[in-house]
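Asks: Have a look at this one before I ask anything.
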Amino acid sequence: MEVTVIGTGYVGLVVGSCLAEGGNHVTCADIDEAKIARLNSGEVPIYEPGLDRLISHNLSAGRLRFTTDATEGIRGSDAIFIAVGTPPGEDGSANLGFVREAARTIGDHIKQGAVVIMKSTVPVGTSEIVRAEIEGRTDTTFYMCSNPEFLKEGDAVGDFMYPDRVVCGVDDAPARERMEELYEPFVRSGNPLIFMDIASAEMTKYAANAMLATRISFMNQIAELCERTGADIELVRRGIGSDKRIGPSFLYAGTGYGGSCFPKDVQALIQTGDEHGVDLAVLRSVHEANDRQKTVLVRKIRSRFGDDLSGLRFALWGLAFKPETDDMRAAPSLAIIEELLEAGASVTAHDPVAMEVARDYYTKDAIAYGDDEYETLDRADALVLVTEWLQYRRPDWASVSQRMKQKVLFDGRNMFDPERMSALGFEYYSIGRAPAESEG
Ligand SMILES: NC(=O)c1ccc[n+]([C@@H]2O[C@H](COP(=O)([O-])OP(=O)(O)OC[C@H]3O[C@@H](n4cnc5c(N)ncnc54)[C@H](O)[C@@H]3O)[C@@H](O)[C@H]2O)c1
């Protein structure tokens, strides 16, 4: 099938490459000229495991191309995906400016019988806005589909190729048939293509993210209570996660959720509730608890070192909002670094892939970077572990101890065993577990 994907970010690039791998001819279009130039010179602008191989394979097979001009792709396409950003506006509602612009471009060039597929996460009713925008520019018959994306950054290729389910909101047979044809290669293992009406598909995406965010904020609040009562959140997590009705996923206490989806989608859903007179009080609490959680480590640091952190040096491991991605949008590391710097501390950070991205967030010299994680530790008063990258899990503790000025560790992901850390002579602070007495 001839396919165009408008928006070549974390979602569009994965969707386009995977659909090309599935045998389609895919045009990936983006208004960001620098991004398209990098892609055309063989560079992948984001870090996503497995994506580079997929892109180079399909480029050389002639099934994938990148352009800043969507029009040619749209004119020949049977399926046109909208995968542009829907960032939060000032009031938290989704900004649909990019979506509307994409719709106008589609309306000017769409061919008879094409399906327009909404991949971006958009509030209920947006696909109808897009439909109206296109109808205002053409008399051609076309079909709408809401097909929200559930991929996880860091595992996005696997999630698209082997989805748990694919949700398709359609209201006519041609759209349904086209979606069945497109996804047939990816649902062969029996995982379902779930068809529903368009509004329900749009809502499903928000409800899924809001539910996952709720689990995280819930566990973070229980973790705080564990600290006060002498309980251990890791044992509680195992205790409740083995209940089939609850399940083990998304039960990890930590430094709060970040990334480009959960924070903005929770806020957008609250806003949709407000617009329709429904007070989503649960989600307001989820959002507030998360905002507070992002600086939980800073509160622990302040209670250990005092409010004035000037003259103190902190090593920070992990900048990305989670492992296996370079995405720092709404990452807890940003909130932590901001507060440390404000309190007068200096920060030396490391991340296996996000340091290039971090340089866009900070002015030169605002923070320092280590070539490897050990280099951040020289003369550090404390190590702050923010992202649970695999390579941080089994450090060479002798080398860590030798390099640090003070053996103090704030672990935002509960990666280490308090008793072991204590035996190694570390003052160890984690989330939802009482600090063990240092033996060193
Ligand atoms: N990142 C995720 O993990 C994820 C997962 C599921 C759903 N989503 C949703 O998918 C959407 C895209 O997210 P993303 O993370 O890929 O965003 P992104 O910011 O990485 O990419 C969006 C791209 O769209 C481009 N763009 C904007 N307007 C355009 C236009 N008129 N024509 C062509 N290109 C245009 C931008 O230049 C940018 O490259 C959002 O609605 C997001 O909520 C994201």
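The values are calculated or read from the model by the stated rules, or taken from the named source; none is laboratory data. Owing to the predicted nature of the structure, the values given are computational and were not obtained by experimental measurement. So basically every Cβ, Gly included, is an ideal-geometry build from the backbone, and we count neighbours across all protein chains shown. Note: accessible area is taken over every heavy atom of the protein model, side chains too, but ligands, DNA and RNA are not part of it. Shrake-Rupley method; radii C 1.70, N 1.55, O 1.52, S 1.80 Å.
Asks: Quick one: in the stretch 139-151, of everything that is more than 24 Å from the chain's Cα centre (by Cα) and aromatic (Phe, Trp, Tyr), which residue is nearest to Arg75 (Cα to Cα)?
Replies: Only one residue tops the list, namely Phe142.
Asks: Residues Gly254, Gly258: which one is of a type in the set (Gly, Ala, Ser), buried (at least 18 other Cβ atoms within 10 Å of the Cβ) and within 16 Å of the ligand (Cβ to nearest atom)?
Replies: Gly258
Asks: On to the next question. Checking Glu90 against (1) crowded, with 24+ Cβ neighbours inside 10 Å; (2) away from the ligand (no atom under 15 Å from the Cβ); (3) under 21 Å from the mean Cα position of the chain (by Cα), only one condition comes out false. Which one?
Replies: Tallying (1) crowded, with 24+ Cβ neighbours inside 10 Å; (2) away from the ligand (no atom under 15 Å from the Cβ); (3) under 21 Å from the mean Cα position of the chain (by Cα), Glu90 fails exactly one: (1).
Asks: Does the stretch 158-177 hold any residues that are open to solvent by 20 Å² or more (accessible area, probe 1.4 Å) and within 23 Å of Leu54 (Cβ to Cβ), and which are they?
Replies: Once the filter is applied, which keeps residues that are open to solvent by 20 Å² or more (accessible area, probe 1.4 Å) and within 23 Å of Leu54 (Cβ to Cβ), the stretch 158-177 yields Gly158, Asp159, Met161, Tyr162, Asp164, Arg165.
Asks: Moving on. Within the bounds of the stretch 201-224, is there any residue that is over 23 Å from Val282 (Cα atoms) and at pLDDT 95 or above?
Replies: No, there is no match, as no residue in the stretch 201-224 is over 23 Å from Val282 (Cα atoms) and at pLDDT 95 or above.
Asks: Another one. For Val3, are the conditions met, namely being within 13 Å of the ligand (Cβ to nearest atom), touching a residue at least 60 places away in the same chain (Cβ under 8 Å) and touching a strand residue (DSSP E or B) at 6+ places or on another chain (Cβ under 9 Å)?
Replies: No; evaluated as a whole, the condition is false for this residue.
Asks: Return yes or no: is Leu182 of a type in the set (A, V, I, L, M), within 29 Å of Leu19 (Cβ to Cβ) and open to solvent by 30 Å² or more (accessible area, probe 1.4 Å)?
Replies: For Leu182, the condition - of a type in the set (A, V, I, L, M), within 29 Å of Leu19 (Cβ to Cβ) and open to solvent by 30 Å² or more (accessible area, probe 1.4 Å) - is not met.
Asks: Still on this structure, I have one more. Filter the stretch 95-104 for residues that are open to solvent by 20 Å² or more (accessible area, probe 1.4 Å) and either within 18 Å of Ala268 (Cβ to Cβ) or among the hydrophobic types (A, V, I, L, M, F, W, C) (or both); which is farthest from the chain's Cα centre (by Cα)?
Replies: Arg100
Asks: Separate question: How many residues are part of a helix (DSSP H, G or I), surrounded by fewer than 18 Cβ atoms within 10 Å (Cβ to Cβ) and touching a Cys at 6+ places or on another chain (Cβ under 8 Å) when one looks only at the stretch 186-217?
Replies: Residues meeting the conditions: 0.
Asks: Take the residues of the stretch 63-82 that are more than 26 Å from the chain's Cα centre (by Cα) and open to solvent by 50 Å² or more (accessible area, probe 1.4 Å): which is nearest to His109 (Cα to Cα)?
Replies: Looking at the filtered set, the residue picked out is Arg75.
Asks: Could you pull out the residue among Gly107, Gly125, Gly136, Gly113 that is more than 9 Å from the ligand (Cβ to nearest atom), under 29 Å from the mean Cα position of the chain (by Cα), in contact (Cβ under 8 Å) with a residue 12 or more places away in the chain and assigned by TED's automatic domain parsing to the domain that holds Leu182?
Replies: Every option except Gly125 fails the conditions.
Asks: Let me ask another. Working only within the stretch 10-33, note down all residues that are more than 13 Å from the ligand (Cβ to nearest atom) and within 23 Å of the chain's Cα centre (by Cα).
Replies: If the condition is that a residue be more than 13 Å from the ligand (Cβ to nearest atom) and within 23 Å of the chain's Cα centre (by Cα), then Cys18, Leu19 are the ones that fit.
Matching residues to (1) in contact (Cβ under 8 Å) with a residue 60 or more places away in the chain; (2) open to solvent by 50 Å² or more (accessible area, probe 1.4 Å); (3) among the aliphatic types (A, V, I, L, M):
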site: Ala330; (1), (2), (3): yes, no, yes
site: Glu338; (1), (2), (3): no, yes, no
site: Leu341; (1), (2), (3): no, yes, yes
site: Gly344; (1), (2), (3): no, no, no
site: Thr348; (1), (2), (3): no, no, no
site: Glu356; (1), (2), (3): no, yes, no
site: Arg359; (1), (2), (3): no, yes, no
site: Lys364; (1), (2), (3): no, yes, no
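Asks: Of (1) assigned to a strand (DSSP E or B); (2) open to solvent by 10 Å² or more (accessible area, probe 1.4 Å), Leu383 satisfies all except one. Which?
Replies: (2)
Asks: Would it be correct to say that Arg237 is more than 16 Å from the ligand (Cβ to nearest atom) and crowded, with 18+ Cβ neighbours inside 10 Å?
Replies: Answer is yes for this residue.
Asks: Just one of Ala315, Ala349, Ala268, Ala343 is at pLDDT 95 or above and within 17 Å of the chain's Cα centre (by Cα); which is it?
Replies: Going through Ala315, Ala349, Ala268, Ala343 in turn, the sole match is Ala268.
Asks: Could you please find all residues in the stretch 194-233 being over 18 Å from Gln271 (Cβ atoms) and basic (Lys, Arg)?
Replies: Scanning the stretch 194-233 gives Arg215, Arg228.
Asks: Could you grab the pairs with beta carbons closer than 8 Å, sequence gap of 6+ or different chains, first residue in the stretch 272-285 and under 18 Å from Ser200 (Cβ atoms) and of a type in the set (Val, Ile, Thr), second one part of a loop (DSSP other than H, G, I, E, B) and open to solvent by less than 90 Å² (accessible area, probe 1.4 Å)?
Replies: Close Cβ pairs satisfying both conditions: Thr272/Ser93; Thr272/Pro123; Thr272/Val124.
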